[in-house]
1. Name every residue in the range 338-377 that is part of a strand (DSSP E or B), of a type in the set (Val, Ile, Thr) and over 13 Å from Ser5 (Cβ atoms), in order of residue number.
2. Please note which strands (runs of 3 or more DSSP E) are completely contained in the range 236-310 and include at least 1 residues that are without any contact (Cβ under 8 Å) to a residue 60 or more places away in the chain and within 17 Å of Glu336 (Cβ to Cβ).
3. Search the range 367-388 for residues being buried (at least 20 other Cβ atoms within 10 Å of the Cβ) and modelled with pLDDT of 95 or more, and hand back the single one that is farthest from Val80 (Cα to Cα).
4. Pull up the range 106-132, narrow it to residues that are among the charged types (D, E, K, R) and either over 22 Å from Leu38 (Cα atoms) or surrounded by 23 or more Cβ atoms within 10 Å (Cβ to Cβ) (or both), then point me to the one that is nearest to the chain's Cα centre (by Cα).
5. For residues that are farther than 22 Å from Ser142 by Cβ and assigned to a strand (DSSP E or B), tally how many sit in the range 64-79.
6. Say we look at the range 34-66 and pick out the residues that are of a type in the set (S, T, N, Q) and either surrounded by 22 or more Cβ atoms within 10 Å (Cβ to Cβ) or out of contact with any Ser or Thr (no Cβ under 7 Å at 6 or more places or on another chain) (or both); which of these is farthest from Gly82 (Cα to Cα)?
7. Given the structure, is Ser248 among the hydroxyl-bearing types (Ser, Thr, Tyr), at pLDDT below 95 and either out of contact with any helix residue (DSSP H, G or I) (no Cβ under 6 Å at 6 or more places or on another chain) or surrounded by 24 or more Cβ atoms within 10 Å (Cβ to Cβ) (or both)?
8. Would you check which residues across the range 191-219 are in a loop (DSSP other than H, G, I, E, B), surrounded by fewer than 19 Cβ atoms within 10 Å (Cβ to Cβ) and either at pLDDT 95 or above or under 19 Å from the mean Cα position of the chain (by Cα) (or both) and list them?
Amino acid sequence: MGQQSLRNMRALAHHDLAGSGSCGEGTVLLERGGRRYLYIAHVDIQASFSILDVSDPRAPELLFQEFLPHAEVRSNSLAVAGDLLLVAHEVRRPGLRPAGVELFDLSDPALPRSVAFFDTSGPRSRGTHWVGCFDGERAYLSTGMPDSRPTHRLDDQFPVIVDVTNPSAPAELGRWWLPGTQEQDEQAPPVHHDLAGEGLDNGYRSHNISVYPQRPDRAYVAYLDGGVVILDISDPAAPTVAGRLSYSPPLPGFTHTALPLTSRELLVITDESIVDAAADYPKLLWIADMSHEPRPVLVGNAPMPAREEFVPRGGRFGLHNVHENDPFGWSWTSEEIVFASLFSGGVRGYDIQNPFQPVEVAHFVPESRASSRIGAAQTNDVYVTSDGIVFAVDRSGGGLDVLELTGI
């Protein structure tokens, strides 16, 4: 069992999400009419997503919960843009439904109204793992599709761009996949590796897809063992490769997020820990220089807390996600301080002014709670507001922690 630990953060509140405390990696804030609404995707339980009023961060109030139709589908990810909420649906086995993205009208931010479903189900598709959208016009999916024919079962999801300007009739604009990962490709399939010596094979499929108004012609795609792919999406119907950073092997891979810091020509990259007891160590937060876009290069990594302290707590230990600098006035947007979730390592804030030597400047490690399915805290995602309120969610049943920055 682990004890709570804080540095340059203050704990304000905790919420168990009405017993649905297993949270995914869709944690998004919306400010409307002087109030703040927090949207949380769930994972590995039958809840789909929750909506809370967090206008008073010391007293979060659960307003709404949506539940899934059966236990073999999950909603790991969501996105909010204006009056639009998009929720990913991923199934346990190819061929099941509902698989894809459900679109909701948020005219009332506390009472979403379903308006359409973009169906990505198919005989070899598990549907949509991740969805992103900032402008309410284009959504970016890491997904299989009805006509997917992956060369390997773990290479089954790829970037798909969807027009959502008419939310009741979403339509595909374009797609791209790593050459060799679909059966019709002329290129040979990529070589799969057991990089941790644990019988692991992560696969070559997309995860987060970062597109920002500073560079709307670029998508920064985390591609698991394929590293980072920078796509030119100036023509969304025909994305092309503008750059790539591949480092697995020798590193253990599972590139999860690539966050561009465009004015500094840097990328913040996380590799997800996916095995308990750090069996796939090291899973780190990397800094890459992308001043030469075709060939970005790793230049530094953030310090990790001591393995011997956190591995005994149980569950995963290592990087997962980062606060993604949502381009809204209420969101923390910094190219010098970044925040990351580290499962049993909690939430960490890093000063990356020197990209060659990032420094930890804040952290929060929650106590182990009885509500945890594994008896250990597993911080899965983090969202930070412009005024320094931190929302950290737990993967294993621990729910939501609300914090305040005090020393940055």
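1. Quick first cut of the range 338-377, residues part of a strand (DSSP E or B) only: 338-341, 343, 347-351, 359-365.
Going one step further and asking which of them are of a type in the set (Val, Ile, Thr), we end up with 338, 347, 359, 361, 365.
Selection gives Val338, Val359, Val361.
2. Strands (runs of 3 or more DSSP E) meeting the threshold: 255-261, 266-271, 285-289, 297-301.
3. So, considering only residues that are buried (at least 20 other Cβ atoms within 10 Å of the Cβ) and modelled with pLDDT of 95 or more, the one farthest from Val80 (Cα to Cα) is Gln378.
4. Going through the range 106-132, the residues among the charged types (D, E, K, R) turn out to be 108, 113, 119, 124, 126.
Now narrow it down to the ones that are either over 22 Å from Leu38 (Cα atoms) or surrounded by 23 or more Cβ atoms within 10 Å (Cβ to Cβ) (or both): 119, 124, 126.
Values: Asp119: 21, Arg124: 23, Arg126: 18 Å.
The selected residue is Arg126.
5. 3
6. Within the range 34-66, the subset of a type in the set (S, T, N, Q) is 46, 48, 50, 55, 65.
The next check asks that each one be either surrounded by 22 or more Cβ atoms within 10 Å (Cβ to Cβ) or out of contact with any Ser or Thr (no Cβ under 7 Å at 6 or more places or on another chain) (or both); those that pass are 46, 48, 50, 55.
Values: Gln46: 27, Ser48: 20, Ser50: 18, Ser55: 18 Å.
Taking the candidates together, the pick is Gln46.
7. Values: among the hydroxyl-bearing types (Ser, Thr, Tyr): yes; at pLDDT below 95: yes; either out of contact with any helix residue (DSSP H, G or I) (no Cβ under 6 Å at 6 or more places or on another chain) or surrounded by 24 or more Cβ atoms within 10 Å (Cβ to Cβ) (or both): yes.
Yes.
8. Result: Pro213, Gln214.
The values are calculated or read from the model by the stated rules, or taken from the named source; none is laboratory data. Here the structure is a predicted model, which is why all the values come from computation and not from measurement. Cβ coordinates were reconstructed from backbone atoms using ideal geometry, including for glycine residues, and neighbour counts include every protein chain displayed.
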